[in-house]
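The values are calculated or read from the model by the stated rules, or taken from the named source; none is laboratory data. Remember, predicted model here, so these are calculated numbers, not experimental data. Quick reminder, even Gly has a Cβ in these numbers, built from the backbone with ideal geometry, and neighbours come from all protein chains shown.
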Amino acid sequence: MTRISVGDASLTNILARQGADLRGQVQRAAQEVATGKHADIGKVMRGDVAPLLAVDASLARLAAYKTNTTDAAFQTAAQQSAIAGLSQLAAGITTTLMASRDFPTPAQVNATAADARGRLASVVGLINTQASGRAVFSGVATDTLPLSGAEDLLVALETAAAGSTTAGQVEAAVNGWFADPLGFGAFYQGDASLSAAPIAPGEAADLSTTAMDPAIRDTLAGFAMAALIDRGTLAGNAEERARLAQIAGQTLHRTEDARITLAARIGTVEAQIETARTRNAAEETSLGILRSDIGSADPYEAATRLENVRAQLESLYLVTARVSRLSLTEYLR
């Protein structure tokens with residue numbers, strides 16, 4: 001019988017390769033025991049990773065929707081708060097303004113006008129509301145406040161109403177300026193409305209409200225007419241000044257329904273966003289569980305494999321140690 005032997009160099013290479021392979025198996029098994037995840041998903045799925053890629057794509061899409069819903073929720077909440085503030089400011093002075101013609105002295109009209117001027121500054125501040133550093137009523141120009149100061153607004157209106165001698169003329173001039181693209185349209189520093197934001201598959205949130213919305217614009221007009229009195233408009237004509245204050249109050253009263261409608265519209269979008277957010281979160285949780293199941297390793301099987309491979313590696317080390325000690329003297333013994 002012919003005996004085939006392996007040379008020392010060849011044997012050393014064989015043992016080295018086996019050692020490297022076993023060490024790799026130990027490392028992979030130890031990783032699976034520690035993480036509970038397969039070290040080689042592709043091998044486990046026999047190369048068919050399409051289901052895993054589909055789950056990962058869905059999770060990535062949900063992550064994008066999560067960002068959109070968060071941003072949209074901030075936007076609408078800030079808008080809703082600002083609209084509520086406008087209504088509160090209007091409610092605090094509307095009745096007083098409407099009763100201006102019944103005031104016994106011009107001083108009371110003047111005091112009410114001064115109050116309106118202060119409220120106008122607050123109104124402009126609310127319209128310039130920012131959420132997370134973004135102006136919420138500026139449309140796509142989120143880095144720009146929609147309006148400059150209240151005093152700038154009044155200066156522009158004074159120019160538009162120059163030469164007016166009656167409350168009706170001032171009212172017409174103010175309303176004309178707010179309706180004019182070269183008036184309030186040019187004063188508005190924002191841009192076109194934001195596009196609808198995708199918040200779920202086949203669903204988008206309407207974020208189109210800007211400072212150009214009629215409810216906001218007309219509310220500004222009402223406060224501005226009263227504030228102009230405090231800047232000296234129709235000076236010397238107490239009756240027309242009282243009449244202008246009354247018109248301002250009527251304007252604010254007339255815009256109440258528009259503000260309520262606007263708030264309701266934004267509230268509907270808020271509810272839509274919250275519903276989409278809840279639905280997306282539930283889907284994300286389900287997909288996360290599925291993704292975890294696909295990549296999960298059996299901890300008992302991985303631990304058993306780790307011990308077996310360790311035992312093989314230890315045996316290989318013993319063989320390698322004995323081979324490395326071989327010499328002619330040892331062989332002759």
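Inclusion of ALA60 among residues that are outside the structural domain of ALA200 (by TED's automatic domain parsing) and over 30 Å from ARG217 (Cα atoms) is warranted.
Take ALA82 and tell me if it is crowded, with 19+ Cβ neighbours inside 10 Å, closer than 23 Å to MET212 by Cβ, modelled with pLDDT of 95 or more and among the aliphatic types (A, V, I, L, M). Answer is yes for this residue. Exactly one residue out of LEU244, LEU220, LEU228 is buried (at least 22 other Cβ atoms within 10 Å of the Cβ) and under 33 Å from the mean Cα position of the chain (by Cα), and it is LEU220.
Quickly run through segment 50-89 and pick out the residues that are hydrophobic (A, V, I, L, M, F, W, C) and under 30 Å from ASP115 (Cα atoms). Hits for segment 50-89 are ALA77, ALA78, ALA82, ILE83, ALA84, LEU86, LEU89. One residue stands out among those in segment 271-283 that are crowded, with 18+ Cβ neighbours inside 10 Å and of a type outside the set (A, V, I, L, M, F, W, C): the one that is farthest from VAL55 (Cα to Cα), which is GLN272.
Residue by residue, here is whether (1) among the aliphatic types (A, V, I, L, M); (2) at pLDDT 95 or above; (3) part of a helix (DSSP H, G or I) holds:
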{"site": "GLN246", "(1), (2), (3)": "no, yes, yes"}
{"site": "THR278", "(1), (2), (3)": "no, no, yes"}
{"site": "ARG291", "(1), (2), (3)": "no, no, yes"}
{"site": "ILE294", "(1), (2), (3)": "yes, no, yes"}
{"site": "VAL309", "(1), (2), (3)": "yes, no, yes"}
{"site": "VAL319", "(1), (2), (3)": "yes, no, yes"}
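The residues listed here are LEU182, LEU153; of these, the one that is aliphatic (A, V, I, L, M) and buried (at least 19 other Cβ atoms within 10 Å of the Cβ) is LEU153.
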